[in-house]
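Chemist: I'd like to ask you about the structure that follows.
The values are calculated or read from the model by the stated rules, or taken from the named source; none is laboratory data. Small disclaimer: the values here were computed from a predicted structure and weren't measured. Cβ atoms come from the backbone with ideal geometry, glycine included; neighbour counts cover every protein chain shown. We work out accessible area using only protein heavy atoms, side chains counted, and drop any ligands, DNA or RNA first. Shrake-Rupley method; radii C 1.70, N 1.55, O 1.52, S 1.80 Å.
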Amino acid sequence: KSLTNRYLVLAALADGPSTIRRPLHSRDSALMVAALRDLGAVIDEIPGDGDFGPDLHVSPLRTGTGDGRARAVDCGLAGTVMRFVPPLAGLVEGTTTFDGDPHARRRPMGSIIAALRGLGIAVDDDGADSLPFAVQGNGTVRGGHLVIDASASSQFVSALLLVGARFADGLHLEHVGKPVPSLDHVRMTVETLRSVGVSVDDTVPNHWRVSPGPIRAFDVAVEPDLSNAGPFLAAAVVTGGTVRVRNWPRGTTQVGDAWRRILPLMGAEAELDGDVLTVTGGAAISGGVFADTSELAPTVAALCALADSPSTLTGIAHLRGHETDRLAALVAEINGLGGDAEETGDGLVIRPAPLHGGVFRTYDDHRMATAGAIIGLAVDGVEVENIGTTAKTLPEFPDLWAVVAGTAGSPDPTDAVARA
């Protein structure tokens, strides 16, 4: 998902048509496609060899021009849409209004709104520093040195870097404040920019310099979403079985590659042979200390709730501002099933406790839904509310999970495929 939406933004700003092969088709990516089309990009579905949908051919929008019409972008709950698209809207003439799902109005947006104003882009948010707001684009942005506080989300940094090359003077972005969370996602943005010919200097901590210039048109195959693969790998850990995921990249900027490090700490075996990652669960799940797990944290927490020793998750305070307050939600739902979890200033502490059945609420958060499904593999009577919310990043999750759950406990290894 993270790569698909970055490539979509870059294709909309490129110097010619681009092709995105095997993109992730999900609610988040559909919202991004709709937003970019509304700004003037032409995005066509073309035949491809992806398992779950067509490839995308993108003809870029024309910056510096526009018909002056009013546009309305639905952000849903997609952080990449609500943060990545507003700076781009400044490069197109006319007013673009941004809004989303009810909880989207509670997600941190102040740094992006302040950044837009710092770039000379007019924003009307009625002083709320949140959705809904309107961006008045005049077709050009000067750029230059911009100081922001990105301590609430790394997406604030990525949003500006993705469009910085199209600013007249490029962009020198400086972060001040507490550390930027999820820096792996910023590194993903930087490497993706470099892959399409954009010069980015990140040698000085908390400073990023993007040189002005063209964004080269591209033809790229998107890696499988390794964060989406996490619940399937966790199924092996929970059941003591084996799960294989094909097309695992050997070199990647995705935070999900950390599963190869995390799961062995929990007593499992993880082996990458060619492009197939095989995870086999051990006799028990071990707790431990897990730092900076970012979007993987709900899956890690679900495994920790089933572990035979205490666990501490640190460096994830920013999850309070995701689709829901994930720390509060995980504590409430784990404890609602008889668990022993509590919040800390920057994470969670989860202790062993016998779990029982019950409703695991999702708060319209796809990662909460998959966390409940993981616990349900080991605990009878767990009912996950609104499993359909997984469509945010993996619409096929219920069907794929049925394959895994249907073979859990079988003497034959489970051969699960996370392909989206």
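Chemist: Could you check the simple spin-label distance between SER211 and GLU271, using points 7 Å along Cα→Cβ, in nm with one decimal?
Modeler: The modelled label-to-label distance comes out at 4.6 nm.
Chemist: Now for a different question. Ignoring everything but the protein chains, give the 1.4 Å probe accessible area of ASP15 in square angstrom, nearest 10.
Modeler: Looks like 100 Å² after rounding.
Chemist: Same structure again: With the contact rule set at Cα under 8 Å and sequence spacing of 6 or more, what percent relative contact order holds for the stretch 226-406?
Modeler: This gives 18 percent for the stretch 226-406.
Chemist: Taking the dipole about the Cα centre of the stretch 38-129, with the C-beta of Lys and Arg at +1 and of Asp and Glu at -1, give me whichever of LEU39, ILE113, ALA78 is farthest to the positive side.
Modeler: Toward the positive end, the furthest listed residue is ILE113.
Chemist: Just to be sure I understand: if I project the alpha-carbon convex hull of the chain onto a plane and average over all orientations, what area do I get in nm²? Each step should come with its number before you reach the end.
Modeler: Working: hull surface 74.1 nm².
Averaged projected hull area, Cα only: 18.5 nm².
Chemist: What accessible area per residue comes out for the stretch 55-179, rounded to a whole number of Å², with a 1.4 Å probe?
Modeler: 35
Chemist: Let me ask something else. Pop out the carbon and sulfur fraction of the accessible area of the chain as a percent, whole number, probe 1.4 Å.
Modeler: The value for the chain is 49 percent carbon and sulfur by accessible area.
Chemist: Right, something else. Any idea what the alpha-carbon Rg over 2.2 N^0.38 Å comes to for the stretch 46-131? Don't skip to the end; give the middle numbers.
Modeler: Working: Rg = 15.2 Å, N = 86, 2.2 N^0.38 = 12.0 Å.
Here the Cα radius of gyration is 1.27 times the empirical estimate.
Chemist: Taking a cut-off of 32 Å, what percent of all Cα-Cα pairs in the stretch 1-221 are separated by more than that?
Modeler: 9
Chemist: Roughly how big is the chain's charge dipole about its Cα centre, with Cβ charges of +1 (Lys, Arg) and -1 (Asp, Glu), in debye to the nearest 20?
Modeler: 860
Chemist: On the principal axes of its Cα set, how long, how wide and how thick is the stretch 226-406? Give whole Å, largest value first.
Modeler: 41, 32, 32
Chemist: Helix-derived [θ] at 222 nm for the chain: sum -39500 (n - 2.57) over DSSP H runs of at least 4, divide by residue count, nearest 500?
Modeler: Theoretical 222 nm ellipticity from helices: -9500 deg cm²/dmol.
Chemist: Here's a follow-up. Using a 1.4 Å probe and ignoring any ligands, DNA or RNA, find the accessible area of THR253 and quote it in Å² to the nearest 10.
Modeler: 40
Chemist: Per residue, how many Å² of accessible area does the stretch 239-279 show with a 1.4 Å probe?
Modeler: 44
Chemist: In nm, to one decimal, how far is the GLU174 label point from the GLU45 one, both placed 7 Å along Cα→Cβ?
Modeler: Label at GLU174, label at GLU45, 4.7 nm between them.
Chemist: Can you compute the radius of gyration and Dmax for the stretch 154-196, using only the Cα atoms, both in Å?
Modeler: Answer for the stretch 154-196, Rg first and Dmax second: 10.6, 31 Å.
Chemist: Right, next: I need the phi-derived Karplus couplings for the stretch 3-13: 6.51 cos²θ - 1.76 cosθ + 1.60, θ = phi - 60°, integer Hz, Gly and Pro marked x.
Modeler: 6, 4, 6, 5, 4, 4, 4, 5, 5, 5, 10
Chemist: Another question about this same structure. Give me the distance between the Cα centres of the stretch 293-327 and the stretch 75-115, rounded to whole Å.
Modeler: What the calculation gives is 26 Å, centre to centre.
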